[in-house]
Amino acid sequence: DECRNGAKCIEEGAHSFCKCLEGTSGFLCETVDECKTENEKCGAHSDARCEYNIGLKVAECICNDDNLKYDAYQKLCGGTCSEGGDQCKNGANCMKDGIHNFCKCLNGTSGNFCEKVKECIPENEKCG
């Protein structure tokens, strides 16, 4: 069975074809529609690849380094933390997402461990 991304091979007489799951296309269902423009989905410099999650039937970004977790908001791969540890900075909490832990940053902070603080947040205070 050469069909990809969870597609089923359908036999019709002497011919067969792949019946693609929603969100995939191509002769072998090898194309993940949302991943056609991977830079848009996962970010141009995120070090992540776009893959099809057969169980959820959606495209998702997976970090090339298994120790990192993809942050869809920032479109970057970031470091992980341990629950109860002190890796997360500036009031951030260590959250679990499947098998990975990550720092959930408060508004105005960013970085793998929320270590970067914006000097001013325009919607919350006057800048200048």
Output for the stretch 8-33, where each listed residue is loosely packed, with under 11 Cβ neighbours inside 10 Å and among the small types (Gly, Ala, Ser): Gly13, Ala14
Residue in the stretch 13-20 that is assigned to a loop (DSSP other than H, G, I, E, B), in contact with a strand residue (DSSP E or B) (Cβ under 6 Å, 6 or more places away or on another chain) and polar (S, T, N, Q) present: no
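Filter the stretch 1-57 for residues that are of a type in the set (A, V, I, L, M, F, W, C) and in contact with a Ser or Thr (Cβ under 8 Å, 6 or more places away or on another chain); which is farthest from Lys75 (Cα to Cα)?
Ile10
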The stretch 98-128 - residue that is modelled with pLDDT under 75 and of a type in the set (D, E, K, R) and, of those, farthest from the chain's Cα centre (by Cα): Lys126
Every pair of residues 6+ apart whose Cβ atoms lie under 8 Å, when the first sits in the stretch 41-69 and is under 16 Å from Thr24 (Cα atoms) and in contact (Cβ under 8 Å) with a residue 12 or more places away in the chain while the second is among the acidic types (Asp, Glu) and in a loop (DSSP other than H, G, I, E, B): Lys57/Glu22
One residue from Ala59, Ala48 being buried (at least 16 other Cβ atoms within 10 Å of the Cβ), modelled with pLDDT of 85 or more, aliphatic (A, V, I, L, M) and within 23 Å of Lys116 (Cβ to Cβ): Ala48
Residue that is nearest to Asp71 (Cα to Cα), among those in the stretch 1-56 that are among the polar types (S, T, N, Q) and in contact with a helix residue (DSSP H, G or I) (Cβ under 8 Å, 6 or more places away or on another chain): Thr24
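The values are calculated or read from the model by the stated rules, or taken from the named source; none is laboratory data. The shown structure was predicted, so the numbers you read here are calculated from the model rather than taken from an experiment. With ideal geometry, Cβ positions are generated from the backbone for all residues, glycine too; neighbour counts draw on all protein chains shown.
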